1. Only one residue in Ala73, Ala79 is surrounded by fewer than 16 Cβ atoms within 10 Å (Cβ to Cβ), over 16 Å from Leu18 (Cα atoms) and at pLDDT 95 or above. Which one?
2. Filter region 130-152 down to residues that are at pLDDT 80 or above and more than 22 Å from the chain's Cα centre (by Cα) and give me whichever is most open to solvent (accessible area, probe 1.4 Å).
3. Among the residues that make up region 177-189, is at least one of them modelled with pLDDT under 85 and in a helix (DSSP H, G or I)?
4. Hey, among the residues in region 82-120 that are in a loop (DSSP other than H, G, I, E, B), of a type in the set (Val, Ile, Thr) and open to solvent by 30 Å² or more (accessible area, probe 1.4 Å), which one's modelled with the highest pLDDT?
5. Please enumerate the residues belonging to region 373-392 that are within 18 Å of Tyr355 (Cβ to Cβ) and in a helix (DSSP H, G or I).
6. Could you check region 48-61 and list, in sequence order, the residues that are more than 21 Å from Ile304 (Cα to Cα) and either open to solvent by 40 Å² or more (accessible area, probe 1.4 Å) or hydroxyl-bearing (Ser, Thr, Tyr) (or both)?
7. Would you mention how many residues in region 191-207 are part of a loop (DSSP other than H, G, I, E, B) and either touching a Gly at 6+ places or on another chain (Cβ under 8 Å) or open to solvent by less than 40 Å² (accessible area, probe 1.4 Å) (or both)?
Amino acid sequence: MDASIDLQTTPRLRVVHLADHTGRLQVIFPENNMLDISAVSRLTKRRFEPVNHYHSSGDPLIKPNSVTTILEASMLKEAVFSIRTKVDGAYHDITSAELEAMFSGPLNRFEAISIDTSLINRPVDNHEHDEEQILQALGRFQSIRLKQRIEETLEIPPLPASSHRIIRLSTDKSAGTDELCDVIALDPSLAAQVISWASSPYYGAPGSIESVEDAIIRVLGYDMVMNLALGLSMGNGFQAPEDGPRHYEDFWLDSVSNAVLMESLVKAMPLQNRPKLGHAYLAGLLHNFGYLGISTILPPHFSILSRYQEANAHLPSELVEMQILHFKLGSWLLRYWSLPDNIWMAIRYSKKPHYYGEHAMLAKLLFVSNQLCHNNPIEPSVLLEIGLTLEEAEDCRNAIYQKSAELHKMVALINKMNT
């Protein structure tokens, strides 16, 4: 769901088309800004939503004076910008004076409609301060009555019983295949998912997989099945939202793609650097679980967040989330539900490539996986720390892409079980 901000010497302009039931509006603003849909609504007294929802590069420029256009007012203070008329076209320079002359007709106006991303607060550096940031942010929402504890304020749903059983089992160092099979067997739907997962063409296991024990011994291994079952059981307890960002078509496709890429990256890493394969897989599977959490716990705010993410597909989703919600929920939820420390901490610090605290290797690996999935640049120093070259990392991603049909079948399995 993230995209990098391409900062150029000459600031680029972004074009976005909005619409409501009565017509269309074109907005133009600097690419390193975030479009403020609320500001547009206040100015127009209309409720616009993005027309397109998949162009990280923006929409094509509609001919000036042929449609109502609002341009970011601060652009008049800059000397030169770079703009393009087609989504896949070349950029060309334009001065602010030329821009003002081009959009001088009665259908156009210059207003404050975007936010400089440098002014958006980031998540606090230390996870120990997450609760304080969340409570401060919740205090801004007039619709939410604050209570003494976050979990009471947000009315967080409980984890499925199967998830609790697997978490308890994961702390039992004497547990083996028999105990894991017994726990999974208590949830027939989960058992069917694990068996189908191991039977998928992606793993190419010879013969048929008849049981969870088969899945463990013949295909996935104890560690992988333990973590896969935990991720799937958690997913079974939450419905994928229907009102999410439309360019983010399938939560589980993104999750599964990250999980299998994490698996591939771990196998390619030097042995001395490798985290546990199952832990890497689970971190990938749950890396964006906050998405499901927000949609379940804060539905109205999630709907607003989704429209902002559609209009600002050029920005990292974390930035948009911090501007709208003023906090990150995912890793706090996983910590609250008592998931292993290395999982929630890796997710908590996965957007900080230079984090060097506890479980840093898993966090860096998740950072690399996310960057690869979204074709974003990766600093050579981070790759050096996990022991991979850029070519090796990209080879892992390309191998996953070649199996996209198999991944879609795995995702279809999850969606089928959750309907």
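1. Ala73 is the lone residue from the list that is surrounded by fewer than 16 Cβ atoms within 10 Å (Cβ to Cβ), over 16 Å from Leu18 (Cα atoms) and at pLDDT 95 or above.
2. My answer is Arg140.
3. Within region 177-189, not a single residue is modelled with pLDDT under 85 and in a helix (DSSP H, G or I).
4. Thr85
5. The answer is Pro380, Ser381, Val382, Leu383, Leu384, Glu385, Ile386.
6. Matches in region 48-61: Ser57, Pro60.
7. Qualifying residue count, region 191-207: 3.
Residues checked against (1) in a helix (DSSP H, G or I); (2) modelled with pLDDT under 90; (3) open to solvent by 10 Å² or more (accessible area, probe 1.4 Å):
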site: Ser163; (1), (2), (3): yes, no, no
site: Ile209; (1), (2), (3): no, no, yes
site: Met226; (1), (2), (3): yes, no, yes
site: Arg246; (1), (2), (3): no, yes, yes
site: Glu249; (1), (2), (3): no, yes, yes
site: Asp254; (1), (2), (3): yes, yes, yes
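The values are calculated or read from the model by the stated rules, or taken from the named source; none is laboratory data. What you see is a predicted model; the values in this text were computed from it and never measured. Cβ: placed from backbone, ideal geometry, glycine included. Neighbour counts: every protein chain shown. Note: areas computed on protein heavy atoms with side chains; ligands, DNA, RNA excluded. Shrake-Rupley method; radii C 1.70, N 1.55, O 1.52, S 1.80 Å.
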